[in-house]
Amino acid sequence: MSRITVENVTRRYGGAKAVDGVSLDIADGEFLVLLGPSGCGKSTLLRAIAGLLAPSEGRILVDGRDVTDIPARGRDLAMVFQSYALYPHLTVARNIGFPLRARRVRRADVRRRVAEVAEILDLSALLDRRPRELSGGQRQRVALGRALVRDPGAFLMDEPLSNLDAQLRTATRTEITELHRRLGRTFIYVTHDQVEAMTMATRVAVLNRGRLEQIGSPTEVYDQPASAFVAAFLGSPPMNLLDAELVTRDGQLHAVAPQVDVPLGIRVAAAGAPRDGGDPAAGRAIQLGIRPEHLLVTSATGGTGSTDSTDSGSAHETGPAVLRGTIRTVENLGSEEIAHCVIGATEVRVRARRPAGLTAGDAIALSARPEHTHLFDRDSGRRLVWQSDQPVSVPPARVPVTT
Amino acid sequence: MALAIEGPTAEQAVLEPVAAIAAADGDDIPGGRSRVMTVVGHVTLALLGLACVFPIYWMYATSLRRPDDVYKTSVLPWPLSVGSYRDALDELDLARLLLNTTMVAALTALGQLLTSILAAYAFAVWNFPLKRLLYLAFVGTWLVPFQVTMLPNYVLLHQLGLLNTLTGVIVPNLVSALGVLLLRQHFDSFPKELLEAARIDGRSSWSTLWTVVVPNLRAALSALAILLFVNAWNEYFWPAMVLQRDNSVLQLGINSFLNSTEVEAWGPLTAAAGLACLPIFALYLALQRQVINGFVRSGLR
Ligand SMILES: Nc1ncnc2c1ncn2[C@@H]1O[C@H](COP(=O)(O)OP(=O)(O)OP(=O)(O)O)[C@@H](O)[C@H]1O
Ligand SMILES: [Mg+2]
């Protein structure tokens with residue numbers, strides 16, 4: 001039973017901040033994934049929670065108790081390390097039993113618990129081996145076992161799957177999710193792999209350069225990224241971001257750039273409302289975000305000159321083309337293909353079900369539904385939402401940090 | 001109509017192993033060195049080995065000659081005789097000397113090992129103010145010649161009334177800067193995640209040292225222990241100073257053959273020296289694997 005609260009934690013190395021004022025409230029039984037690129041401070045934050053390093057500022061609470069100054073062993077947390085950190089001189093059984101022996105649990109009880117855990121993790125046949133005699137996957141399970149055996153309040157895991165091959169990783173992912181469901185314990189899980197984050201998490205916290213960019217359910221961070229960083233980090237390929245300007249035309253807001261003219265489905269300026277002879281959003285520098293799977297191919301033709309001409313019936317559903325450019329390369333992923341297109345000065349990726357009949361060198365016209373467009377402030381990178389009379393940057397404070 | 005299998009048939013699909021064989025058949029040995037170089041290397045090593053072994057062989061050969069033949073230079077000591085050994089045993093209370101020397105060497109080495117482990121662990125794992133300075137000072141003591149500390153130590157022992165005791169020989173040598181230096185290298189390269197895992201698993205720093213670090217560095221520690229033991233075993237000058245009036249360790253006993261008699265008694269001398277070497281040989285034989293591991297590899301994984 002552990003609710004873990006991180007209050008304004010900062011960790012400095014010299015002058016640089018590895019973790020910069022992060023606050024999190026992790027409810028009991030939650031599976032929180034700390035996600036971010038390499039070097040963003042995920043491990044540092046996790047190790048501060050574990051008690052392996054002291055935060056320079058801020059507090060850490062477990063179940064409301066301030067544990068900032070309590071050593072790791074007093075926090076009732078277990079940790080699985082990226083390198084597994086198994087004790088090379090001990091057998092599997094003694095590795096798993098180590099935390100219990102350190103706590104002076106009676107020998108018979110240790111043996112019983114080790115046998116139970118080995119049963120759960122399918123390690124019973126390996127109990128007498130040394131770590132060096134195990135495969136990577138088996139070592140990983142022993143590391144899990146060593147965490148499980150104590151029945152701690154929360155599990156901390158630092159990229160526990162990154163040393164496994166792709167197939168094993170998928171299998172272990174399912175196992176850990178299953179484990180979380182069965183134990184009902186709090187999990188804090190560090191990864192830079194968005195697939196792990198999307199599939200395992202109940203909530204995802206995205207970190208960038210030591211700062212918390214966004215926290216929310218996997219669906220929220222994917223569908224409503226709070227910043228251009230989150231948008232560009234999630235998804236493979238990630239969201240397309242195009243520099244554009246806001247223009248009002250026919251009472252409709254458009255994002256406009258060379259070869260780009262995207263209606264945003266936002267009605268502005270009911271008659272008489274515009275002050276100063278125009279609306280305040282006009283000319284504002286933004287970044288327009290559209291996910292590759294939300295770009296629809298209205299036409300792709302060889303030769304020069306793209307046209308609106310509807311040579312396929314689908315144009316009806318997809319609406320008028322809003323982005324025009326040429327296809328640079330096409331990647332075949334089996335079930336679908338990714339077309340890399342040059343539009344204006346930017347490269348835009350389009351995901352389409354195969355066969356989409358896209359060929360490198362062709363001209364392409366794309367459309368997107370207004371509800372699939374995202375706007376970000378070009379300077380701050382924060383998400384813009386439409387409020388009553390003008391787009392407003394979501395202040396960082398409004399990014400929900402609690403549930 | 002029959003269904004045909006597309007693509008290469010089994011016969012065509014067989015890989016041709018010829019290329020691999022041809023590559024292995026070349027003049028070069030894997031690793032890129034030619035045979036000539038290997039031979040030259042081995043011969044050089046063999047000669048060096050011989051040069052190292054020869055004095056030891058000569059010592060035993062001399063000790064086994066008849067007392068009259070001691071100055072002969074035939075390679076094989078013939079006829080054999082244990083006369084020199086009898087003389088040596090008559091002259092010296094060899095059992096007592098061996099026991100004393102073993103005790104001095106073992107206690108010194110053990111003490112040095114223990115202090116080295118604690119100091120090196122502190123330097124490698126803990127952060128504390130003035131750590132660098134302290135470490136430099138520590139290592140610096142290694143550079144101070146024995147002659148500089150010899151007199152102050154001697155005076156101190158005199159004041160403490162420890163002259164002519166084995167304690168006096170051991171206590172001033174309980175810390176070895178060399179040991180700290182060598183062990184710190186090993187402790188520094190010890191995987192930090194293992195230490196952190198032990199912390200999470202509930203071990204204090206002290207019990208982490210004994211349950212995780214030391215068992216995993218057994219090889220390095222054995223190597224160091226042997227080094228320290230041999231050093232202490234061969235120590236001559238310091239015991240000679242402290243135990244002036246009492247030939248109570250082997251090295252002093254051996255020396256008495258050179259000083260006490262008019263004629264230099266090479267036979268008993270080599271016999272005693274040969275006996276003095278035996279415990280060291282035994283130690284090496286017993287711990288050979290650890291020594292090689294400790295010196296050649298870091299010993300972990
Ligand atoms: N002991 C240290 N001394 C100095 N700087 C450090 C130290 N440990 C980490 N850092 C710095 O802090 C930042 C965050 O490191 P951290 O290990 O938390 O990254 P991470 O998000 O876990 O990355 P990865 O995904 O590569 O593991 C990095 O820029 C790193 O260089
Ligand atoms: Mg990390």
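The values are calculated or read from the model by the stated rules, or taken from the named source; none is laboratory data. As the structure is a computational prediction, the values presented were derived from the model and not from experiment. Don't worry about glycine lacking a Cβ; one is built from the backbone with ideal geometry, like all the others, and counts go over all protein chains shown. With ligands, DNA and RNA removed, areas are computed over all heavy atoms of the protein, side chains included. Shrake-Rupley method; radii C 1.70, N 1.55, O 1.52, S 1.80 Å.
Residues in the stretch A:66-99 that are of a type in the set (S, T, N, Q), within 10 Å of another protein chain (Cβ to nearest Cβ) and open to solvent by 10 Å² or more (accessible area, probe 1.4 Å): A:Gln82, A:Ser83.
Inside the stretch A:91-140, residues that are farther than 21 Å from A:Met157 by Cβ, hydrophobic (A, V, I, L, M, F, W, C) and assigned to a loop (DSSP other than H, G, I, E, B) make up a count of 2. Scan A:Gly29, A:Gly21, A:Gly39 and give me the residue that is on the phi > 0 side of the Ramachandran plot, open to solvent by 20 Å² or more (accessible area, probe 1.4 Å), more than 14 Å from every other protein chain (Cβ to nearest Cβ) and within 16 Å of ligand 2 (Cβ to nearest atom). Sole residue among the options that is on the phi > 0 side of the Ramachandran plot, open to solvent by 20 Å² or more (accessible area, probe 1.4 Å), more than 14 Å from every other protein chain (Cβ to nearest Cβ) and within 16 Å of ligand 2 (Cβ to nearest atom): A:Gly39. Kindly indicate the residue of the stretch B:88-116 that is under 14 Å from B:Ala265 (Cβ atoms) and out of contact with any Phe, Trp or Tyr (no Cβ under 9 Å at 6 or more places or on another chain) and also most open to solvent (accessible area, probe 1.4 Å) among those meeting that condition. The qualifying residue most open to solvent (accessible area, probe 1.4 Å) is B:Asp90.
Exactly one residue out of A:Ala48, A:Ala16 is among the aliphatic types (A, V, I, L, M), within 16 Å of ligand 1 (Cβ to nearest atom) and either open to solvent by 10 Å² or more (accessible area, probe 1.4 Å) or out of contact with any strand residue (DSSP E or B) (no Cβ under 9 Å at 6 or more places or on another chain) (or both): that is A:Ala16. For the stretch B:163-254, the helices (runs of 4 or more DSSP H) that sit wholly inside it and include 1 or more residues that are away from chain A (no Cβ under 14 Å) and closer than 24 Å to B:Arg132 by Cα are B:177-188, B:218-234.
Screening A:Asp63 with (1) at pLDDT below 95; (2) within 12 Å of chain B (Cβ to nearest Cβ) gives one miss only, at (2). Filtering the stretch A:11-42 to residues that are part of a loop (DSSP other than H, G, I, E, B) and over 26 Å from A:Leu179 (Cβ atoms) leaves A:Gly14, A:Gly15, A:Pro37, A:Ser38, A:Gly39, A:Cys40, A:Gly41. Is there a residue being free of Cβ contacts under 8 Å to residues at least 60 places away in the same chain and aliphatic (A, V, I, L, M) anywhere in the stretch A:25-46? Checking the stretch A:25-46: not a single residue is free of Cβ contacts under 8 Å to residues at least 60 places away in the same chain and aliphatic (A, V, I, L, M).
Being under 24 Å from A:Ser38 (Cα atoms), within 16 Å of ligand 2 (Cβ to nearest atom) and hydrophobic (A, V, I, L, M, F, W, C) holds for only one residue in A:Leu168, A:Leu144, A:Leu156, and it is A:Leu156.
Within the stretch A:100-111, being in contact (Cβ under 8 Å) with a residue 40 or more places away in the chain and either open to solvent by 60 Å² or more (accessible area, probe 1.4 Å) or more than 9 Å from chain B (Cβ to nearest Cβ) (or both) holds for one residue alone: A:Arg103. Which residues, counting only those in the stretch A:46-75, are over 27 Å from the mean Cα position of the chain (by Cα) and acidic (Asp, Glu)? Within the stretch A:46-75, A:Asp66, A:Asp69 qualify.
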